[in-house]
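See below for the structure under consideration.
The values are calculated or read from the model by the stated rules, or taken from the named source; none is laboratory data. What you see is a predicted model; the values in this text were computed from it and never measured. All Cβ positions, glycine included, derive from the backbone under ideal geometry; neighbour counts span all protein chains shown. When the accessible area is computed, the model is the full protein with side chains, heavy atoms only, and any ligands, DNA or RNA have been set aside. Shrake-Rupley method; radii C 1.70, N 1.55, O 1.52, S 1.80 Å.
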Amino acid sequence: MTLLNRKKWIAATSAAVMLTGLLAGCGGGNDNNASGGASPSGSSSPSGEASAPASAAKPEDLKGTVKVWDWDETFQKGMIPEFNKKYPNVKVEVTVVNPNDYLQKLQSGIASGSDVPDIILGEMAYRGKLFDLDVLDNLEAAPYNFKREELLDYLPPLLSNPKGELVGVDQAIAPAGLAYRRDLAKEYLGSDDPAELEKLLSSWDAFISKGQEVKDKSGGKVLMFPGLGDAFLALRGQNADAYINGKEIDLSSKMRKPVETLFKMRDAGILGKNELWTPAWASSMSKGEFLFYPMAPWGPKWHISANDPEGKGRWGLVKAPEGSFTRGGTSIGIYKDSKVKEAAWAYIQFAYLSDEGGLFNFKTFGNMPGVKSFYANNPQVLTEAGAYDEFFGGQNLAKYFMDNIVPGVKGEPQTKYDSIVDGAFNALYPLWTKDTSIDANAALAKFVKEVQNKASDATVK
């Protein structure tokens, strides 16, 4: 998931909490041929199970204490007991860390040589900086022997460090489309059917034109997006071409089209004035003020059910005009100086790559794994109701994501400069919302200047 709703974070977490894995007795059938096992070499095919840890002959022979830092306490509380059914002698200790503090806390621990977890999360907002630190193990090397071909095709660039090493697997895939209010779509666009909306909103120009109609019909009470930030998530994400080459950042060519389209939307009056993650932005989901919100598979949990708890049946999912994009996402890697690498990999393999963990994750939280084998082995996830489908009028979200959105996603390599670019945009767009005398050219020039100021070691154009 991406940065969590700040309000939800404050309500859910008051301090770091330690979760200790349950040392449950080994149940029947938990031998080395249980589902999730593979050859010690880690070989597999897209139709087989994802690579298993090259560890002890039997799961119960693997021992150790694995430290994890995560912000999703609920996930860990659910997953650890499931893991310990298969690996009863591996203890998993989880410290809950605010995602906004994660990288700084990690760097402090590395510098002091003290508190560093074995399993490290790389949220998209800081992932490039994390990978640049070169503190994560190459998961294609021993003792892991994972193969990048096991991942969905768009994922390896998003999970590789500057040396091209695969240093993470996906916590849950984050291909994104647009969540929409069915009631508003039916009233102002004439249909709440995703297929019809795809045709109606086939381009951003069509989106802008229909947005003006919605604004006029509603007397300005209903607009297309809550704000510039939401619109830019889709516009930038669709332009996934690499724009950073070493210390050269070609921001102008990367951002010109997204910024120009963004300002067309602003000047057409179809965007609200809300900033991402603010209380007003969150509450707007239940009020019916805006038609669309960019949404990845983690969104039904963290956005829709959290901010519109009475909204069952009120929502739909449609592909964005002009293509797919990604929103957020979290990598899961292993600290290269960990003393319990095989135990750490066993937990990662079970929780994020295996059929058992994947099914529990999907059914409980709606998260979708990033390995091909999961969908080949469990075709029912694309036909059965998911954890949050009821909020979407029974629309099968997993099937729509996999059939309509994933095929168009392109993974963009992450560098330490990406978070600087995102930070510069987030600092600037509130001004662009308020001061409509600023046009796209002036905004882009300011954008370049701000990135250059924050990335003084780079050349930005």
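Here is how the numbers come out for the structure above:
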| quantity | calculated |
| --- | --- |
| Residue within region 97-117 that is aliphatic (A, V, I, L, M), touching a Lys or Arg at 6+ places or on another chain (Cβ under 9 Å) and closer than 27 Å to GLU60 by Cβ present | no |
| Matching entry among LYS105, LYS91, LYS85 (being in the same structural domain as PRO143 (by TED's automatic domain parsing), more than 15 Å from ALA351 (Cβ to Cβ) and of a type outside the set (S, T, N, Q)) | LYS105 |
| Selection status of VAL406, modelled with pLDDT of 95 or more and under 19 Å from the mean Cα position of the chain (by Cα) | yes |
| Flag for GLU140 being assigned by TED's automatic domain parsing to the domain that holds ILE110, farther than 18 Å from VAL68 by Cα and in a helix (DSSP H, G or I) | no |
| Failed item, numbered, when GLU123 is tested on (1) modelled with pLDDT of 95 or more; (2) open to solvent by 10 Å² or more (accessible area, probe 1.4 Å); (3) charged (D, E, K, R) | (2) |
| Members of region 58-108 that are free of Cβ contacts under 8 Å to residues at least 60 places away in the same chain and buried (at least 16 other Cβ atoms within 10 Å of the Cβ) | GLU60, LYS67, TRP69, ASP70, GLN76, TYR102, LEU103, LYS105, LEU106 |
| Complete set of residues in region 253-262 that are open to solvent by less than 30 Å² (accessible area, probe 1.4 Å) and either more than 18 Å from ALA320 (Cβ to Cβ) or among the β-branched types (Val, Ile, Thr) (or both) | LYS254, VAL259, THR261 |
| Given (1) part of a loop (DSSP other than H, G, I, E, B); (2) in contact (Cβ under 8 Å) with a residue 12 or more places away in the chain; (3) of a type in the set (A, V, I, L, M, F, W, C), index of the condition ILE438 fails | (2) |
| Selection status of ALA185, in a helix (DSSP H, G or I) and out of contact with any Asp or Glu (no Cβ under 7 Å at 6 or more places or on another chain) | no |
| Any chance ALA282 is hydrophobic (A, V, I, L, M, F, W, C), more than 30 Å from ALA443 (Cα to Cα) and surrounded by fewer than 23 Cβ atoms within 10 Å (Cβ to Cβ) | no |
| Number of the exception - ALA240 against (1) closer than 30 Å to ASP216 by Cβ; (2) open to solvent by less than 20 Å² (accessible area, probe 1.4 Å); (3) not in a helix (DSSP H, G or I) | (1) |
| Test: residue in region 416-423 that is closer than 23 Å to ASN145 by Cβ and open to solvent by 20 Å² or more (accessible area, probe 1.4 Å) | no |
